[in-house]
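Note sheet for the following structure.
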Amino acid sequence: MNIAIIGAGLMGHALALVFAIGGHRVRLTDNQPDTLARAPALMERARATLDSAGEAGGLTEAALGERVTIHAALADAVAKADLVIEAIIEKPEAKRTLYAELDAVMPPGAILASNTSYLDVFPLMPPGRLPRAVIMHWYTPPYLVDLVDVVGSPECPPALLEDLAEMLRAMGKAPLVMRRFLPGYIANRLQSALNLECYRLMDEGHATAAEIDEAIIHGLGLRLLLLGQMAKGDFTGLQLTAHALANRMYEPPPLRGRSETIDRALAEGRGGVMHGRGLYDWGGQSPEALFAERDNRLIALKRVLREIGPMAGFAQRKES
């Protein structure tokens, strides 16, 4: 399939790598020349990390250069595309403007997809594109995190969604086809609820970032990876779950739209890994080294999970 990706930033260049590993041809573009110029080196760095662990699907540096080409002009990028993926800033008017530009230059039968996290983009798209319009939402880094949320426009036929899901499965991904658009889908909504509680614990002085992560890694995370949340409830016992719900001792944190802990970090220039410090001090290590280390550890974790398999999947197989 010929893929066009609009936006070569954090997600766009990584998506280009994902589709190249999957055997597709990709045309990548961005309206910021500097961002576009950085994309090939970023893709190659991630490919090399995957290749050193045997997870690049045999994609060589030369093959990556052949499968992913860089285009300054939007029209050149989308001229022969079967699937156009928009991965630009999460601002409605910016997306609306781009969709109008795409409508004038992309093939009539091409699929228009958005990587949006929370926006209902379908009202922003030209009406004539809606029968072949979808959301295809990925998680960072998409070459390692397999979940992809797939949502069709109200006019999109289910068969098209299933075709896209099959394509993603063939690439080793785990597509989750949603019944309808839901802001944040499933994973982001769960993550948002967890973040609210984490920030409240920090803002109110009950815990540090490191203490919260210790509780997640050595408590919640180990079981969640194997069982998920719902299957974990079955092992706990639903009667105990019912008692816990009835005996709830505090109210969940409200939606405040901000955190004093985050505001203070940003005011002090602690923006995260790219700034050397965030909620943690990353010890002067380069962002490139930190991202490579994260990727290598995720690869090792995925290998173990592939070997043992999740318990929820075991239950589904036994039921069928």
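The values are calculated or read from the model by the stated rules, or taken from the named source; none is laboratory data. Since the structure is predicted, the reported quantities are computational estimates derived from the model, not experimental observations. Positions of Cβ are generated from backbone atoms using ideal geometry, with glycine treated the same way; all protein chains shown enter the neighbour counts.
The residue list Leu36, Leu50, Leu28 contains one member that is without any contact (Cβ under 8 Å) to a residue 60 or more places away in the chain and in a helix (DSSP H, G or I), which is Leu36.
With respect to Glu251, determine if the residue is among the acidic types (Asp, Glu), closer than 22 Å to Gln191 by Cα, in a loop (DSSP other than H, G, I, E, B) and free of Cβ contacts under 8 Å to residues at least 24 places away in the same chain. Full working, then the answer.
On the way: among the acidic types (Asp, Glu): yes; closer than 22 Å to Gln191 by Cα: yes; in a loop (DSSP other than H, G, I, E, B): yes; free of Cβ contacts under 8 Å to residues at least 24 places away in the same chain: yes.
In short, yes.
If only residues of the range 272-293 that are without any contact (Cβ under 8 Å) to a residue 12 or more places away in the chain and part of a helix (DSSP H, G or I) are counted, the one that is surrounded by the most Cβ atoms within 10 Å (Cβ to Cβ) is His275.
Within the span defined as the range 181-192, every residue fails to be assigned by TED's automatic domain parsing to the domain that holds Trp282 and over 30 Å from Thr116 (Cβ atoms).
Quick one: is Arg264 in a helix (DSSP H, G or I), at pLDDT 90 or above and within 23 Å of Ser117 (Cβ to Cβ)? Break it down stepwise before answering.
Numbers: in a helix (DSSP H, G or I): yes; at pLDDT 90 or above: yes; within 23 Å of Ser117 (Cβ to Cβ): no.
No: the conditions fail for Arg264.
Per-residue answers, yes or no, for (1) without any contact (Cβ under 8 Å) to a residue 12 or more places away in the chain; (2) assigned by TED's automatic domain parsing to the domain that holds Gly278:
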{"site": "Pro157", "(1), (2)": "no, no"}
{"site": "Leu164", "(1), (2)": "no, no"}
{"site": "Glu197", "(1), (2)": "no, yes"}
{"site": "Thr208", "(1), (2)": "yes, yes"}
{"site": "Asp213", "(1), (2)": "yes, yes"}
{"site": "Leu220", "(1), (2)": "yes, yes"}
{"site": "Gly228", "(1), (2)": "no, yes"}
{"site": "Lys232", "(1), (2)": "yes, yes"}
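Candidates are the residues of the range 179-195 that are in a loop (DSSP other than H, G, I, E, B) and touching a residue at least 40 places away in the same chain (Cβ under 8 Å); the one that is surrounded by the most Cβ atoms within 10 Å (Cβ to Cβ) is Tyr185. Number of residues in the range 2-49 that are surrounded by 21 or more Cβ atoms within 10 Å (Cβ to Cβ) and acidic (Asp, Glu) equals 1.
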